[in-house]
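So the structure is just underneath, and the comments pick up after that.
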Amino acid sequence: MPEQSNDSMSLSAGEAKRDDEAQTIFDRSIRAFNLNPKRGVRYIIEQELCGEASEDVAAFLYETRGLNKTKVGEWLGEPDDFNVAALTHFSTLFDFTDKSFLDALRMFLGRLRLPGEAQKIDRIVEAFARSYHAANPETFANMDTVQILSFSTVMLNTDQHNPNIKEDRRMTMQEFVKNNRGIDDGQDLPLDTLQGIYASIRREELKTVNDRDDQGNLFTTTVRQGWLRKQGGALGGWQKRYFILTEQPPALYYFLTEKDLDPRGFFMLDTGVEVLKSEGHVKQIELVPTQREAGFPQSSLLKSAKFNSKMEIQQGRHRRCVLKGVDEADAVEWVEQLGNVVRAAERRALEYLAHHSESSKHMSLVSQQSSLRGQSIMSQQSSIRGFGAMDSIESGPPSPSTNNRFSEASRADSTGATAEAAAATAAASDASSEAKG
């Protein structure tokens, strides 16, 4: 195999660095939009992640995973000419051809959440109606029918699934049909169409799709976020920081301000962490290393890291992390949700161990059976041809590589959960490197 030249190795390293930098910019753009859509769009254009035209921004919002769907709806519903043009382009990116009205509406609202402002809702629904009627001109008399039916369906969805509305006060099918009489250019829609819409909405509400394919963005699986005080520094003083708790990866990030795009540091919450509520201080929360789970490698340090001014990661040396909530109720909620994330991560790690333990035992058994079969063949050949003829047996004894594989499998099997736990934790801690994003 030819050796790689130094030039090609340098080129590969350079490409990897550029890829990392591009991913970091992309992740920051998602968080920028989720914090403030207007500024976020400017940042996205400045970083050349999309063109300056409204159709380019629309395509970015349509294609990018990890964007906050409420923010997408708010931005697209704005009255500015640029936003209205982007909304028009956004609605044309859906393929509604031969789709039923309700399937198309579900598809559309899966990509954005309708804002609360009536005028914004009107603009968004109108864009959907125009796009749907253009793709299916024979389904309804005109675009106005689609728009009116969309409003009616959204209202029905709220009526049927709002927990504050009592069951006996919810809209009936007869009322829904009555509300939509004569909306198709003066004509009634087919009864089975309206009944089908009612039954489908009652059975399954309109939902915005909360995607998790977030292209590495760390902050779209947020479990909780808010201000806490963190004890640190040489004098152990209290510093106010903005914290974001995420489920994937299981981590607690902290920022200087709520609007910062990049964290100052983080604590991994995968395995070997215990969340405590301080008994002496009602607002105080502690993260400490623990060895309560058999099989997990023991450590006296939390898995943590900080970022310097160049966003280079530096491993932390925390033996514990002490935080302080706004009040006792806030601290209790943080403890509960931190604990939930830790327990979920530990369950995943234990499932990983169980799966790989079974795989390891299976491989060990196969190796033993293979070795025994080889020894049996050798024994039979020796008996037939005599010990003096052993050198001429073509199959020969098991190869050194086979013996090595057998001994390694035996060692892995006898070591048990501890070795496998190390592998599991190593795999889990790979998430730390992803945090650079």
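Read the figures in this text as sums done on the coordinates, not as results from a lab. Keep in mind the model is a prediction, meaning the values are calculated, not measured.
Say the cut-off is 31 Å between C-alpha atoms; which of K38/K99; K240/K303; K69/K283; K207/K303; K38/K207 go over it?
Working: K38/K99 33 Å; K240/K303 21 Å; K69/K283 34 Å; K207/K303 37 Å; K38/K207 25 Å.
Among K38/K99; K240/K303; K69/K283; K207/K303; K38/K207, the Cα-Cα distance tops 31 Å for K38/K99; K69/K283; K207/K303.
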>> Give me the one-decimal Kirkwood hydrodynamic radius in Å for segment 60-132, with the sum taken over alpha-carbon pairs.
In response: 12.2 Å
> Once segment 122-201 is represented by equal point scatterers at the alpha-carbon sites, with solvent omitted, what log10 I(q)/I(0) does the Debye formula produce at q = 0.21 Å⁻¹?
Replying inline: -0.99
> Extension gain Q337-E247, at 0.36 nm per residue separation less the Cα-Cα distance, in nm?
Replying inline: 31.4 nm
